[in-house]
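Taking it in order: structure first as structure tokens, then the write-up.
Derivation of every value follows stated rules applied to the coordinates shown; laboratory data play no part. What you are looking at is a predicted structure, and each value in this text was computed from that prediction instead of being measured. So basically every Cβ, Gly included, is an ideal-geometry build from the backbone, and we count neighbours across all protein chains shown.
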């Protein structure tokens, strides 16, 4: 029997991916932070952060790139890379930083993604 080979594909997100990114963002946020927060705090943050207007603006921002990781054809996580001026308190000129990185379920850690 041939062992199953996991297929990993990383692609740049498009505007058409806004619903998928909203779903991944809300899911990974809940998986990571529900245990340490009240339901009210979770709902307030989710409403402010995972809405189509703000995510569409982020996708259209020329200084940001969203990447989506698919494992065997299923979305497993995403990353947001942002370039520009550093945040306050960070010295230096223009930078590139990982603004967000999140994996869902069994792909929630870098170690799991590397196996």
For an R0 of 25 angstrom, estimate the FRET efficiency from the Cβ-Cβ distance between residue 56 and residue 5 and round to the nearest 0.05.
0.10
FRET efficiency for residue 47 and residue 15, Cβ-Cβ distance as r, R0 = 25 Å, nearest 0.05?
0.70
What shape does segment 1-84 have by the C-alpha gyration tensor, where a ≥ b ≥ c are the square roots of the eigenvalues, rounded means a/c under 1.5, and otherwise prolate means a/b greater than b/c and oblate the rest?
oblate
